[in-house]
Structure formats: structure tokens, C-alpha cells
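Peer 1: Please read through the structure below; I'll follow up with questions.
The values are calculated or read from the model by the stated rules, or taken from the named source; none is laboratory data. Note that the structure is predicted; figures quoted are calculated from it, not measured. Every residue, glycine as well, gets a Cβ built from its backbone with ideal geometry; the counts of neighbours run over all protein chains shown.
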Amino acid sequence: RFLQLIADRSTTVGVRGNLSKKALNSIGIKNVRIFGCPTAFRHCKPELKLPRIEASAINRLGFTLRRKTHGFQTLQRYMLRTLAERYDTEILCAGELEEKQIYYARTKQVENDDQVMKDAVQKLTAEKWLFGAKDPLLDLYKSSLSVFESVADFEKAEQSLDAVTGFRLHGNLLALANEVPALYVTYDTRTREFVKTLGIPYIDGRYMDKFSFEEAWDNADFDLFEKTYQQRFGELKKFLEENSMAHRLGRVPTPYVAEAA
């Protein structure tokens with residue numbers, strides 16, 4: 001009833017993807033427009049131009065962490081360790097509490113840092129993400145983990161990278177929004193629909209046996225993303241205008257949105 005009321009009072013209802021459109025259509029709401037995730041358009045640019053870089057030329061690589069990906073934790077651990085052996089890798093973290101403990105303890109930003117570190121390692125060991133204090137992944141955390149408390153800081157860090165990959169949906173999208181090429185790893189229906197809606201290059205985590213990051217990266221089609229981005233930008237602009245909502249899309253100079261995501 002509530003959704004029908006919104007639809008009746010709107011020219012169109014905006015959604016992120018086809019699953020949402022199908023759900024609304026199933027209850028009789030047909031005036032639906034798909035434009036993807038608004039985070040992609042946070043800098044209001046009508047088009048994006050990503051640099052093309054071969055895997056062999058990548059120096060600084062960002063890995064966006066989303067530890068709680070059911071069924072894909074071992075894969076994520078493997079990717080982190082193997083990519084760190086090949087590239088200068090920065091692990092980008094936003095919301096994981098134990099990773100924050102490790103980061104702030106390592107950088108001496110908390111009292112009793114040794115105990116804070118010990119507690120975090122114990123929790124991650126209990127979750128079978130780490131295998132004790134001598135786990136090589138913990139060494140990687142201590143050398144390469146970065147934690148961000150704001151969207152602005154997260155994307156500022158990504159702007160200095162050559163390339164980004166990983167499991168954090170919006171972390172990867174922030175890179176693309178800042179014209180840094182990013183290769184997604186999908187792990188559920190939501191992430192698979194997300195990348196297809198925006199034409200984003202991705203690796204399906206369900207089919208990563210005998211996986212080569214270099215091969216997947218060099219085969220990534222960023223042309224499709226750039227083309228689809230322009231189309232979805234246009235759909236978002238239409239959605240706002242047909243519903244009589246003011247916007248700043250396409251404004252020059254581009255306004256900077258510090259915290260929107």
C-alpha cells in the first residue's frame with residue numbers, strides 16, 4: 001500500500017536494478033526507471049574516462065575488504081595474499097570492527113594497544129578468518145591495512161592507486177567514480193545484478209577455480225562501463241527532472257560531495 005501510494009504520487013519510481021523493477025511490477029507498479037547506484041554519479045559527471053592499464057604495469061593496487069562474504073572467505077584470503085606478493089597492495093577497510101582495532105593498535109592511536117591488538121586477533125581467529133598470531137595475513141594487515149572513517153577519505157586514498165579490486169561493492173564503485181579502474185568480485189545476487197546494471201567488469205566468485213587475476217584484468221571491458229555509465233546518468237537525470245526535483249548533475253565545475261554515498 002505504501003509503495004503504491006509513492007508510485008501514484010510520482011511520475012516515476014527510481015530503482016537500482018532489474019530485480020527491484022520486477023518486484024514493483026509484480027504488485028502493479030509499472031512507472032519504474034532504472035539508473036543503478038547513485039554513488040556512481042557522486043561527482044555529477046555525465047561521462048567517465050578510465051585510464052587503460054595492463055596488469056603487468058600495475059604498481060599500486062587497492063583491495064577493498066568485505067570480510068563477511070559467506071562462502072567466499074577462503075577465496076578472499078587467497079586473493080589478498082597472492083596479490084600482495086605481486087603488487088604494492090593497500091587493503092582498504094571501512095566498517096570491519098576488528099580490522100579497525102588492528103589498525104588503530106598498530107598506529108598507536110588507542111590506549112593499551114597491545115591488548116587491543118590481541119583481542120582483535122583472538123576474535124578473527126575464532127571466526128576462522130585468521131589462524132592465530134603467526135598467520136601471514138596478519139603480517140599483511142600490519143603492513144598494508146588502511147581504515148577510513150569517511151567516504152571522502154576512502155575515495156581520496158583510491159585516487160592515488162593504479163587499480164582496485166576486491167569484494168566491497170561501494171568501495172570499488174568509489175574507485176570507478178574517481179576514474180580509477182576497478183575489477184569486481186561478485187559473491188551474491190545483489191553484487192551480480194549491481195555490476196550488470198552498470199556494465200562493470202567483474203569476476204564471478206563462483207567460478208574462480210584456476211583463476212588468473214592478470215588474465216581477468218587484461219580482459220576487462222571498461223569500454224562497456226563507460227558507455228553504460230553515460231546511459232544510466234541520463235536515466236537518473238530524467239528521473240529527477242520528470243519528478244520536478246532540482247539537481248546538480250552535469251554542472252561545471254563539478255560540485256564536490258564529501259559524504260554522499
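Peer 1: Out of curiosity, is Gly132 at positive phi, within 19 Å of the chain's Cα centre (by Cα) and either without any contact (Cβ under 8 Å) to a residue 60 or more places away in the chain or in a loop (DSSP other than H, G, I, E, B) (or both)?
Peer 2: Against the criterion (at positive phi, within 19 Å of the chain's Cα centre (by Cα) and either without any contact (Cβ under 8 Å) to a residue 60 or more places away in the chain or in a loop (DSSP other than H, G, I, E, B) (or both)), Gly132 does not qualify.
Peer 1: I'd like the residue in the range 21-33 that is free of Cβ contacts under 8 Å to residues at least 12 places away in the same chain and of a type in the set (S, T, N, Q) and, out of all such residues, is surrounded by the most Cβ atoms within 10 Å (Cβ to Cβ).
Peer 2: Per the stated criteria, the residue is Asn25.
Peer 1: Something else about it: Please work out if Thr107 is crowded, with 18+ Cβ neighbours inside 10 Å and in the same structural domain as Lys142 (by TED's automatic domain parsing).
Peer 2: Here the answer is no, as Thr107 does not meet what is asked.
Peer 1: Do you know which of the residues in the range 166-194 that are within 18 Å of Lys49 (Cα to Cα) and of a type in the set (S, T, N, Q) is nearest to the chain's Cα centre (by Cα)?
Peer 2: That would be Asn172.
Peer 1: Please pick out the residue among Thr191, Thr254, Thr228 that is modelled with pLDDT under 95 and in a helix (DSSP H, G or I).
Peer 2: Only one candidate qualifies: Thr191.
Peer 1: May I ask you to say which residue of Gly17, Gly71, Gly36 is buried (at least 16 other Cβ atoms within 10 Å of the Cβ) and at positive phi?
Peer 2: Gly36
Peer 1: Same structure again: Output the number of the condition that Asn112 fails; it satisfies all remaining conditions of (1) at pLDDT 95 or above; (2) surrounded by fewer than 17 Cβ atoms within 10 Å (Cβ to Cβ).
Peer 2: Of everything listed in (1) at pLDDT 95 or above; (2) surrounded by fewer than 17 Cβ atoms within 10 Å (Cβ to Cβ), Asn112 misses just condition (1).
Peer 1: Do you know which residues across the range 56-69 are touching a residue at least 40 places away in the same chain (Cβ under 8 Å) and either among the hydrophobic types (A, V, I, L, M, F, W, C) or part of a loop (DSSP other than H, G, I, E, B) (or both)?
Peer 2: Answer for the range 56-69, where residues must be touching a residue at least 40 places away in the same chain (Cβ under 8 Å) and either among the hydrophobic types (A, V, I, L, M, F, W, C) or part of a loop (DSSP other than H, G, I, E, B) (or both): Ala57, Ile58, Asn59, Leu61, Phe63, Leu65, Arg66, Arg67, Thr69.
Peer 1: Evaluate the following for Asp209: is it farther than 30 Å from Thr11 by Cα, in a helix (DSSP H, G or I) and free of Cβ contacts under 8 Å to residues at least 60 places away in the same chain?
Peer 2: no
Peer 1: Here's something else I'd like to know. When only residues in the range 30-54 that are touching a strand residue (DSSP E or B) at 6+ places or on another chain (Cβ under 7 Å) and part of a loop (DSSP other than H, G, I, E, B) count, which is nearest to Leu5 (Cα to Cα)?
Peer 2: The selected residue is Asn31.
Peer 1: Sticking with this structure for a sec: Tell me whether the range 207-214 contains one or more residues that are out of contact with any Ser or Thr (no Cβ under 6 Å at 6 or more places or on another chain), closer than 25 Å to Leu50 by Cβ, surrounded by 13 or more Cβ atoms within 10 Å (Cβ to Cβ) and of a type in the set (S, T, N, Q).
Peer 2: No; the residues of the range 207-214 include none that is out of contact with any Ser or Thr (no Cβ under 6 Å at 6 or more places or on another chain), closer than 25 Å to Leu50 by Cβ, surrounded by 13 or more Cβ atoms within 10 Å (Cβ to Cβ) and of a type in the set (S, T, N, Q).
Peer 1: Surrounded by 16 or more Cβ atoms within 10 Å (Cβ to Cβ), without any contact (Cβ under 8 Å) to a residue 60 or more places away in the chain and out of contact with any Lys or Arg (no Cβ under 6 Å at 6 or more places or on another chain): does that describe Ala7?
Peer 2: Answer is yes for this residue.
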